[in-house]
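Participant: Dumping the structure here so I can ask a few things about it.
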Amino acid sequence: MSGDYAAIVTSVDTGLLVVGAVQAHSTINVVRDRVRAVNERHASAVRVIADRLRAGEEPTNGELFRARNLARRATGDLERRFERPVIMAIAWAWSTITLVISVIATLWWVASKGDGPAPMLVAFTLSATAFAASALLAETALRFIWALAEAGDDLEREQAQREEAAVDMDPELYHQVRRRLDGTGQDL
């Protein structure tokens, strides 16, 4: 190990630690926002039924259908949407631990006047840096892929909302609404 290598590794590892801290903060915000959104959707599904029961009325089939779907989707969303941030949180936690050890070990080597080549230290610092850099690149690629998947989920959600709206309407009224929305006629 040389003084130049120690300086480079310490600088790169410190930069990766800063990026890791930003990514960890971003992941925590994503998780918090997702929990809040899922809880709000679930609460709104329950609230509709509770309001009906408080008023002494039985909920309609359409309301029950929507509430069941919202509750089921909320639970599924929570499970599915936590897998992604958890994967990256584990990778960044491991990266952070190895990078901190790498920086401390390199600083220890420098503080001891750089005695000897320290091949084990070189191998460790190189491995830690390579893993953290790979995790950063993987996260960037995965975030792009997951954004595409979420766009597909949004499309499915919109289609489900249209189907739910159709449950409350008689078929003729729904047909008239669809024709209006599609711009194919001037019904009503």
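Participant: So Ala93 ticks every box in (1) within 30 Å of Asp153 (Cβ to Cβ); (2) in contact with a helix residue (DSSP H, G or I) (Cβ under 7 Å, 6 or more places away or on another chain) but one. Which box is left unticked?
Facilitator: Condition not satisfied by Ala93: (2).
Participant: Report whether or not Leu137 is over 18 Å from the mean Cα position of the chain (by Cα), exposed (fewer than 14 other Cβ atoms within 10 Å of the Cβ), under 25 Å from Gly15 (Cβ atoms) and modelled with pLDDT of 85 or more. Reasoning before the result, please.
Facilitator: Values: over 18 Å from the mean Cα position of the chain (by Cα): no; exposed (fewer than 14 other Cβ atoms within 10 Å of the Cβ): yes; under 25 Å from Gly15 (Cβ atoms): yes; modelled with pLDDT of 85 or more: yes.
Answer is no for this residue.
Participant: Taking the conditions exactly as written (touching a Pro at 6+ places or on another chain (Cβ under 9 Å), in a helix (DSSP H, G or I), at pLDDT below 85 and open to solvent by 40 Å² or more (accessible area, probe 1.4 Å)), does Ile49 satisfy them or not?
Facilitator: Numbers: touching a Pro at 6+ places or on another chain (Cβ under 9 Å): yes; in a helix (DSSP H, G or I): yes; at pLDDT below 85: yes; open to solvent by 40 Å² or more (accessible area, probe 1.4 Å): no.
Against the criterion (touching a Pro at 6+ places or on another chain (Cβ under 9 Å), in a helix (DSSP H, G or I), at pLDDT below 85 and open to solvent by 40 Å² or more (accessible area, probe 1.4 Å)), Ile49 does not qualify.
Participant: Let me ask something else about it. Quick test for you: out of Asn61, Asn29, Asn39, pick the one residue that is open to solvent by 60 Å² or more (accessible area, probe 1.4 Å) and under 22 Å from the mean Cα position of the chain (by Cα).
Facilitator: On the way: Asn61 fails: under 22 Å from the mean Cα position of the chain (by Cα); Asn29 fails: open to solvent by 60 Å² or more (accessible area, probe 1.4 Å).
Only one candidate qualifies: Asn39.
Participant: Test Leu17 against the criterion of being open to solvent by less than 50 Å² (accessible area, probe 1.4 Å) and without any contact (Cβ under 8 Å) to a residue 40 or more places away in the chain, and give yes or no.
Facilitator: Details: open to solvent by less than 50 Å² (accessible area, probe 1.4 Å): yes; without any contact (Cβ under 8 Å) to a residue 40 or more places away in the chain: no.
No.
Participant: Could you check how many residues of region 84-134 are of a type outside the set (A, V, I, L, M) and not in a helix (DSSP H, G or I)? Explain how you work it out, then say what you get.
Facilitator: Let us first name the residues in region 84-134 that are of a type outside the set (A, V, I, L, M), namely 84-85, 92, 94-96, 98, 102, 106, 108-109, 112-117, 119, 124-125, 127, 129, 131, 134.
Pick out the ones that are also not in a helix (DSSP H, G or I) and you get 112-117.
Counting residues in region 84-134 that are of a type outside the set (A, V, I, L, M) and not in a helix (DSSP H, G or I) gives 6.
Participant: Restricted to region 80-109, and to residues that are among the aliphatic types (A, V, I, L, M) and in contact with a Ser or Thr (Cβ under 8 Å, 6 or more places away or on another chain), which residue is surrounded by the most Cβ atoms within 10 Å (Cβ to Cβ)? Before the answer, list the steps.
Facilitator: Taking region 80-109 and keeping what is among the aliphatic types (A, V, I, L, M), we get 86-91, 93, 97, 99-101, 103-105, 107.
Within this subset, residues satisfying the condition of being in contact with a Ser or Thr (Cβ under 8 Å, 6 or more places away or on another chain) are 88-89, 99, 103, 105, 107.
Working: Met88: 20, Ala89: 16, Leu99: 24, Val103: 20, Ala105: 18, Leu107: 12.
For region 80-109, the residue satisfying everything is Leu99.
Participant: Another question, if that's okay. Let me confirm something: among Asp153, Asp115, Asp187, Asp168, which residue is modelled with pLDDT under 85 and loosely packed, with under 11 Cβ neighbours inside 10 Å? Step through it out loud before you land on a result.
Facilitator: On the way: Asp153 fails: loosely packed, with under 11 Cβ neighbours inside 10 Å; Asp187 fails: loosely packed, with under 11 Cβ neighbours inside 10 Å; Asp168 fails: loosely packed, with under 11 Cβ neighbours inside 10 Å.
So the residue among Asp153, Asp115, Asp187, Asp168 that is modelled with pLDDT under 85 and loosely packed, with under 11 Cβ neighbours inside 10 Å is Asp115.
Participant: Hey, another quick one. Cβ contacts < 9 Å: first residue over 17 Å from Leu70 (Cβ atoms), restricted to region 44-56; second residue of a type in the set (S, T, N, Q) and at pLDDT 80 or above, any location; separation 6+ or different chain. Result?
Facilitator: Note: no pairs meet the criteria.
The values are calculated or read from the model by the stated rules, or taken from the named source; none is laboratory data. In this text the structure is predicted, and so the values were computed from the model without any measurement. Glycine also receives a Cβ, built like all others from the backbone with ideal geometry; neighbour counts cover every protein chain displayed. Surface areas here come from the heavy atoms of the whole protein model, side chains and all, with no ligands, DNA or RNA. Shrake-Rupley method; radii C 1.70, N 1.55, O 1.52, S 1.80 Å.
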